[in-house]
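A short worksheet on the structure shown next.
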Amino acid sequence: MIICIKCNSTWQLDDINVKASCSKGGKCSFELIPNSSPPVFQKVRNFSKATLRHVLNKGKIRTLEEIKEIYDKHCLPCPFLKNDECTKCGCAIKRTKVFRNKLKWASERCPINKWS
């Protein structure tokens, strides 16, 4: 499956009728949607960077209401979300305020810029 990272339209790889124009203007920017998350070493690297940003941001966290709003509006309909994990970056994405949750840390943003 592929996705336009501007308008979020998705198509199967064998779809020969993929539209050329994006609903956000211009041409669609296609990206392959992975079937699984990144390798473990990439996840560790991403989490290490996120932890550093979180510490430099003085450990600021989002409220539960903010987490739920981001999850419902942006993450839940996203084709990169599989089993509470972003297949783009490998981070845990949950609708609750648990420790291992990218949405909780105010320093974090979506790897395809859907939320920040």
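The values are calculated or read from the model by the stated rules, or taken from the named source; none is laboratory data. Remember, predicted model here, so these are calculated numbers, not experimental data. We place every Cβ from the backbone using ideal geometry, glycine too, and count neighbours over all the protein chains shown. Each accessible area value is taken on the protein alone, full model and side chains, heavy atoms only, with ligands, DNA and RNA left out. Shrake-Rupley method; radii C 1.70, N 1.55, O 1.52, S 1.80 Å.
Conditions (1) among the aliphatic types (A, V, I, L, M); (2) within 20 Å of S36 (Cα to Cα), marked per residue:
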{"site": "K60", "(1), (2)": "no, no"}
{"site": "I67", "(1), (2)": "yes, no"}
{"site": "C78", "(1), (2)": "no, yes"}
{"site": "K88", "(1), (2)": "no, yes"}
{"site": "K94", "(1), (2)": "no, yes"}
{"site": "E108", "(1), (2)": "no, no"}
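When K88, K97, K102, K68 are checked against the criterion of being out of contact with any helix residue (DSSP H, G or I) (no Cβ under 6 Å at 6 or more places or on another chain), on the phi < 0 side of the Ramachandran plot and modelled with pLDDT under 90, K88 stands alone in meeting it. Search the range 68-91 for residues that are under 15 Å from E108 (Cα atoms) and pair each with any residue that is assigned to a loop (DSSP other than H, G, I, E, B) and acidic (D, E) when their beta-carbon atoms are under 8 Å apart and the residues are at least 6 apart or on different chains. Filtered contacts from the range 68-91: C91/E108. Quick check on L56: is it farther than 27 Å from C4 by Cβ, open to solvent by 70 Å² or more (accessible area, probe 1.4 Å) and among the hydrophobic types (A, V, I, L, M, F, W, C)? Yes.
Any residue at all in the range 98-110 that is more than 18 Å from F47 (Cβ to Cβ) and open to solvent by less than 80 Å² (accessible area, probe 1.4 Å)? No: zero hits.
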